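One structure is given below, encoded as structure tokens.
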Amino acid sequence: DELFNFVENCLKPYREKVVISYEEICIEEEKLGTYKSKKMIIKISNRKATLTPIGVTVIAASGRVDLEGETGIVRIVRVPTLASKPLLCMKDKKPEKRVWKIATPPPEIRYIDLDCDSFFDALMKVIR
């Protein structure tokens, strides 16, 4: 919900041109079983993108949501605030605050801070 609220706020200035709706989905994860969630559907004119949760038990992150449109997919991951790339080793330390960031494509994955500008760029990338 935090990510969806963020996206809704980013798209508020375009509310006359953007239609947002939600659809219930089921996610199946090995360790958690099957649970219900929702995906966000963003329509701009005759183009559509979806923000679909993939899971919370993903490698190097504590959650992943895919932004998908006609021209591709952008992965958005929940990672420690200061993370700039995936770290696969876990250190014994206090849990860090986690935030949503955009993950660049492999093999050199880097994290880009998620703000309204970076989200809008990603959205345009997947619907153009």
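Taking the longest Cα principal axis of the chain as reference, the axis of helix 2-11 is set at about 30 degrees.
Take every pair of alpha-carbon atoms less than 8 Å apart whose residues are at least six positions apart; their mean separation over the length of the chain yields a relative contact order of 18 percent. For the chain, the per residue solvent-accessible surface stands at 68 Å², with DNA, RNA and ligands left out and a 1.4 Å probe. The Kirkwood radius of the stretch 1-88, taken over pairs of alpha-carbon atoms, gives through the Stokes-Einstein law at 10 °C and 1.306 mPa s a diffusion coefficient of 111 µm² s⁻¹. Build a GNM of the chain with springs between Cα atoms under 10 Å apart, and of Ile76, Ile25, Ile54 the one that fluctuates most is Ile25. Modelled spin-label separation between Asp1 and Cys26, with each label point placed 7 Å from Cα along the Cα-to-Cβ direction: 2.3 nm.
At an R0 of 30 angstrom, the distance between the Cβ atoms of Tyr35 and Arg110 translates into a FRET efficiency of 0.50. Restricting the trypsin sites (Lys or Arg not before Pro) of the stretch 1-92 to loop positions (DSSP other than H, G, I, E, B) with no more than 13 neighbouring Cβ atoms within 10 Å leaves Arg15, Lys17, Lys31, Lys91. Just the protein heavy atoms count here, and of the accessible area of the chain at 1.4 Å, carbon and sulfur take up 52 percent. The count of lysine pairs in the stretch 1-63 whose Cα atoms are under 25 Å apart, excluding pairs fewer than 8 places apart on the same chain, comes to 12. Taking each DSSP H run with n ≥ 4 as -39500 (n - 2.57) and averaging over every residue of the chain yields -5000 deg cm²/dmol at 222 nm.
Just for the chain, what percent of DSSP beta bridges are antiparallel, to the closest 5? All intermediate terms of the calculation are to be shown ahead of the outcome.
On the way: 38 of 38 bridges.
Within the chain, antiparallel bridges account for around 100 percent of the total.
Computed from the alpha carbon positions, the gyration tensor of the stretch 7-55 leads to an equivalent ellipsoid with semi-axes of 27, 10, 7 Å, biggest first.
The values are calculated or read from the model by the stated rules, or taken from the named source; none is laboratory data. Since we're looking at a predicted model, the values are computed, not measured. Neighbour counts are summed over all protein chains in view; Cβ atoms, including those assigned to glycine, are modelled from backbone coordinates with ideal geometry. Calculation scope for accessible area: heavy atoms of the full protein, side chains included, ligands and nucleic acids excluded. Shrake-Rupley method; radii C 1.70, N 1.55, O 1.52, S 1.80 Å.
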